[in-house]
Amino acid sequence: MTSDRIFGLAVLAVALFYLYSATAIQLGFLSDPVGSRTFPYLIGAVAALCGIYICIKPDPDPNWPAWPIIAKLAAATAVMYVFARLLKPMGFILPAAVASALLSYLISPNVKVSIIAGICLSLGLYLIFRAALGLSLSPFGDLF
């Protein structure tokens, strides 16, 4: 129970820092319909609520994952970090395809299926973000 409460407090602290960081986002003259701060605020609020919930209702008998699963989680975190760093210079489609393929491979190690999933997810998400949500994503960044 103690480990869950410590984890809940850590999630809450990160969420509060994330929300504080989101306040520094500059609003441009022409912004997206959703607004550039709305999505980070939603993510931060949900993360904060999850942290509070874990602190209030910890698992009485938590089972922590084995080291191979922790290594996969660390790899997934590294993939998402690299994706975020490459998003601006390379656009959305290529980094999202590679990140999706790598994350798919971590879930189920099948190279062919992972590559197909990465390409389909990248293109599908781009279309959803552009057409449905009206976000201004650069498809290829400074590459083309």
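The values are calculated or read from the model by the stated rules, or taken from the named source; none is laboratory data. Quick caveat: nothing in here was measured; it's all calculated off a predicted structure. Cβ atoms come from the backbone with ideal geometry, glycine included; neighbour counts cover every protein chain shown. Protein only, heavy atoms only, side chains kept; ligands, DNA and RNA dropped before computing areas. Shrake-Rupley method; radii C 1.70, N 1.55, O 1.52, S 1.80 Å.
Based on DSSP H segments of at least four residues, each scored -39500 (n - 2.57), the chain has a per-residue ellipticity at 222 nm of -23000 deg cm²/dmol. Enclosing the Cα atoms of the chain in their convex hull gives a volume equal to 136 cubic angstrom per residue.
Kirkwood hydrodynamic radius computed over segment 67-133 comes to 12.3 Å, based on all pairs of distinct alpha carbons.
For Leu94 and Met1, the FRET efficiency from 1/(1 + (r/R0)^6), where r spans their Cβ atoms and R0 equals 35 Å, is about 0.20. Taking θ as phi - 60° and the Karplus parameters 6.51, -1.76 and 1.60, the scalar couplings of segment 44-61 work out to x, 5, 5, 5, 5, 4, 5, x, 5, 4, 5, 5, 6, 10, x, 5, x, 9 Hz in sequence order, x denoting glycine and proline.
Carbon and sulfur together cover what percent of the accessible area of segment 2-56 at a 1.4 Å probe radius? Roughly 77 percent, rounded to a whole number. Once you have a ≥ b ≥ c as the square roots of the Cα gyration tensor eigenvalues for segment 22-102, tell me rounded if a/c is under 1.5, and otherwise prolate or oblate according to whether a/b is larger than b/c. Note, shape of segment 22-102 comes out oblate. When Lys57, Lys88, Lys72, Lys112 are compared by accessible area at a 1.4 angstrom probe, the order from most to least is Lys88, Lys112, Lys57, Lys72. By the rule of a C-alpha distance below 22 Å, with chain neighbours fewer than 8 residues away ignored, the lysines paired with Lys72 are Lys112.
FRET efficiency for the pair Ser108 and Phe39, taken as 1/(1 + (r/R0)^6) with r the Cβ-Cβ distance and R0 = 25 Å, rounds to 0.30.
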